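Worksheet: one structure, shown below.
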Amino acid sequence: MPFDKGSGTTVPPSAWDSVVCVSVLLLFAVGTVKPLDGAVGKPRTSLEGYTGDVYSIAWSPNGKTLATGSDDRTVKLWDAATGTMLANLPGHTDSICSVAWSPDGKTLASGCTDKTVKLWDAATGTMLASLQGYADDVYSVAWSPDGKTLASGSRDRTIRLWDAATGKLLASLEGHTGAVYSVAWSPDGKTLASGSKDQTVKLWDTATGKLLASMQGHTGDVYSIAWSPNGKTLASGSGDRMVKLWDVATGKLLSSLRGHTGGVYTVAWSPDGKTLASGSDDRTVKLWDAVAGKERLDN
């Protein structure tokens, strides 16, 4: 793994669909991706062609294409219906930790341990830009809801905001004292959340770059964060085996979801905001009643 010992990779936090692939990420299946049939929970097909561990998966907005990033230094695009590889995007020189689609599905971003973020034309596979300036690995990338800005989090403890059209650096957000593993935009695009090795979740004003809040309570690295669809609640998953729910308006801890026996590396909300999914290195995916703050037992 390209991460610090004990850390993990994250699924794009707004993509509930990505939970169908989470077990691949947690087990780091070498060279293989297996999308699951949502009705029966069995692999529908096996996407093979990698020569290294697969660290990140993201569905296109229209659900027709799957993007994957790997330890073999490539990004690949797959036809989700047939399992056919559509494109192989070389250009990175190290492990790819995160991939994310622009809201319009025309551009793909990838973050890598080669200290760069790259933007790709999804239709042609052409590299549009290579965003540089980081002093260390890039662990997470996330698009603003309007598709105009890209956020990236790095092992160098900073978050950077980029103009997606020009590749210009708009802001560098500093405040974390450890690697930034996950970044996620609020649904309205006004706030960015970040999770870090420093065991905190931070909220940032995306217009000014100002730190709005620092939420403490985890006793391990924060690997994954995700906004509820209504933007009122933030979920975080940590190496302390806990999932926590936070009130965004007040920064108050709403509940701590206990049940995993290993670090929690990814969290994702259902589209209706009633259910939260979490994936752990205990090799389980758990579904939680987000309102009651309890594990769902009806699955």
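Worth a mention:
- Filter result for His218 (buried (at least 21 other Cβ atoms within 10 Å of the Cβ), touching a Lys or Arg at 6+ places or on another chain (Cβ under 7 Å) and under 18 Å from Ala193 (Cα atoms)): yes
For (1) small (Gly, Ala, Ser); (2) surrounded by fewer than 23 Cβ atoms within 10 Å (Cβ to Cβ), each residue gets a yes or a no:
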| residue | (1), (2) |
| --- | --- |
| Tyr223 | no, no |
| Asn230 | no, yes |
| Ala249 | yes, yes |
| Ser270 | yes, yes |
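- When each of Leu173, Leu169, Leu192 is tested for being buried (at least 22 other Cβ atoms within 10 Å of the Cβ), more than 16 Å from the chain's Cα centre (by Cα) and either under 25 Å from Asn230 (Cβ atoms) or aliphatic (A, V, I, L, M) (or both), the lone residue that passes is Leu173.
- Test: residue in the range 214-224 that is touching a strand residue (DSSP E or B) at 6+ places or on another chain (Cβ under 7 Å), closer than 15 Å to Trp288 by Cβ and touching a residue at least 24 places away in the same chain (Cβ under 8 Å): yes
- One residue stands out in the range 79-101 among those that are modelled with pLDDT of 90 or more and among the aliphatic types (A, V, I, L, M): the one that is nearest to Leu128 (Cα to Cα), namely Leu89.
- On inspection, Asp281 does not qualify as modelled with pLDDT of 95 or more, within 28 Å of Ala109 (Cα to Cα) and not β-branched (Val, Ile, Thr).
- Filter result (closer than 25 Å to Ala129 by Cβ, of a type in the set (Ser, Thr, Tyr) and part of a loop (DSSP other than H, G, I, E, B)) within the range 159-182: Thr166
- Taking the range 253-281 as the range and being free of Cβ contacts under 8 Å to residues at least 60 places away in the same chain, farther than 22 Å from Tyr139 by Cα and not β-branched (Val, Ile, Thr) as the test, the residues that pass are Leu253, Leu254, Ser255, Ser256, Leu257, Arg258, Gly259, His260, Asp272, Gly273, Lys274, Leu276.
- Condition broken by Glu295, with the remaining ones in (1) modelled with pLDDT of 95 or more; (2) more than 20 Å from the chain's Cα centre (by Cα); (3) acidic (Asp, Glu) satisfied: (1)
- Residue count, the range 183-212 (criterion: part of a strand (DSSP E or B) and in contact with a Pro (Cβ under 7 Å, 6 or more places away or on another chain)): 2
The values are calculated or read from the model by the stated rules, or taken from the named source; none is laboratory data. Source: prediction; values computed, not measured. Cβ coordinates were reconstructed from backbone atoms using ideal geometry, including for glycine residues, and neighbour counts include every protein chain displayed.
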